[in-house]
């Protein structure tokens, strides 16, 4: 890969102005967080690429043990003391510990393509029971999208590590996310994945791979 190509695929972290602009998405992320709190059994959660900390704040308010990592140096500035120092400024590979639930929301499409497997490895390493994963598929436009892949590819990588889609839960989640207003892409991009040893009930992944949201989302909305 040439120097130009390496620079083009270097992830660009959000800065404070970008994070503040994203605050308008909070109600939609609250909708997602409320579903996870209601439908999943977990006492601890980590958000890998937590950004504004939307999910973590909701989990914290519900009494869960939380942690987060994000590459943006401005995330602590935005969060202040709201999360009691639970968020570290670090690359996703620096995530440590073990949590009942690991979340990774629209991060995968922003990382260098050659680090895709590393992201899956990180999530399966820190998660004990559940992974909530969402990623933009091929053809879905957005700011900083440098690694859009077919959902089937991500799911195969999870399956190779003993993690499988929880079909019934994913279907319920997507029905719940019909209420999204500003982040409609989350509905078609969302998957609930469970460790094979935790009594999962997997279903045909093909049911979820095409999604039912427009594949092209206006650039700059995320």
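Bear in mind these aren't lab numbers, they're just calculated from the coordinates by the rules spelled out. These numbers come from a predicted model, not from an experiment. All Cβ positions, even for glycine, are placed from backbone atoms using ideal geometry, and neighbour counts span all protein chains on display.
Only one of the numbered conditions (1) over 23 Å from residue 43 (Cβ atoms); (2) out of contact with any strand residue (DSSP E or B) (no Cβ under 6 Å at 6 or more places or on another chain); (3) in contact (Cβ under 8 Å) with a residue 40 or more places away in the chain is not met by residue 176, and that is (1).
Somewhere in region 113-124, is a residue part of a loop (DSSP other than H, G, I, E, B) and either in contact with a strand residue (DSSP E or B) (Cβ under 8 Å, 6 or more places away or on another chain) or closer than 22 Å to residue 173 by Cβ (or both)? It would help to see each step written out before you state the result.
Just the residues of region 113-124 that are part of a loop (DSSP other than H, G, I, E, B), to begin with: none.
No, the conditions are met nowhere in region 113-124.
Does residue 169 satisfy being under 20 Å from residue 69 (Cβ atoms) and in a helix (DSSP H, G or I)? Even if it seems obvious, please write down each step before you answer.
Details: under 20 Å from residue 69 (Cβ atoms): no; in a helix (DSSP H, G or I): yes.
So residue 169 fails the test.
Any chance you could count how many residues in region 49-63 are surrounded by fewer than 19 Cβ atoms within 10 Å (Cβ to Cβ) and touching a residue at least 24 places away in the same chain (Cβ under 8 Å)?
To start, the set of residues in region 49-63 that are surrounded by fewer than 19 Cβ atoms within 10 Å (Cβ to Cβ) comprises 60-63.
Right, trim to touching a residue at least 24 places away in the same chain (Cβ under 8 Å) and you get 60, 62.
Of the residues in region 49-63, 2 are surrounded by fewer than 19 Cβ atoms within 10 Å (Cβ to Cβ) and touching a residue at least 24 places away in the same chain (Cβ under 8 Å).
Report yes if some residue within region 130-146 is outside any loop (DSSP other than H, G, I, E, B), within 24 Å of residue 100 (Cβ to Cβ), over 16 Å from the mean Cα position of the chain (by Cα) and touching a residue at least 60 places away in the same chain (Cβ under 8 Å); otherwise report no. No, region 130-146 has no match at all.
Which count do you get for residues in region 14-23 that are in a helix (DSSP H, G or I) and over 16 Å from residue 55 (Cβ atoms)? Before the answer, list the steps.
Going residue by residue through region 14-23, those that are in a helix (DSSP H, G or I) are 16-23.
Now drop any that are not over 16 Å from residue 55 (Cβ atoms), which leaves 16-18, 20-21.
Total satisfying the criteria: 5.
Among the residues of region 76-106, those that are free of Cβ contacts under 8 Å to residues at least 60 places away in the same chain, more than 15 Å from the chain's Cα centre (by Cα) and over 18 Å from residue 61 (Cβ atoms) comprise 76, 88, 89, 90, 94, 96, 97, 98.
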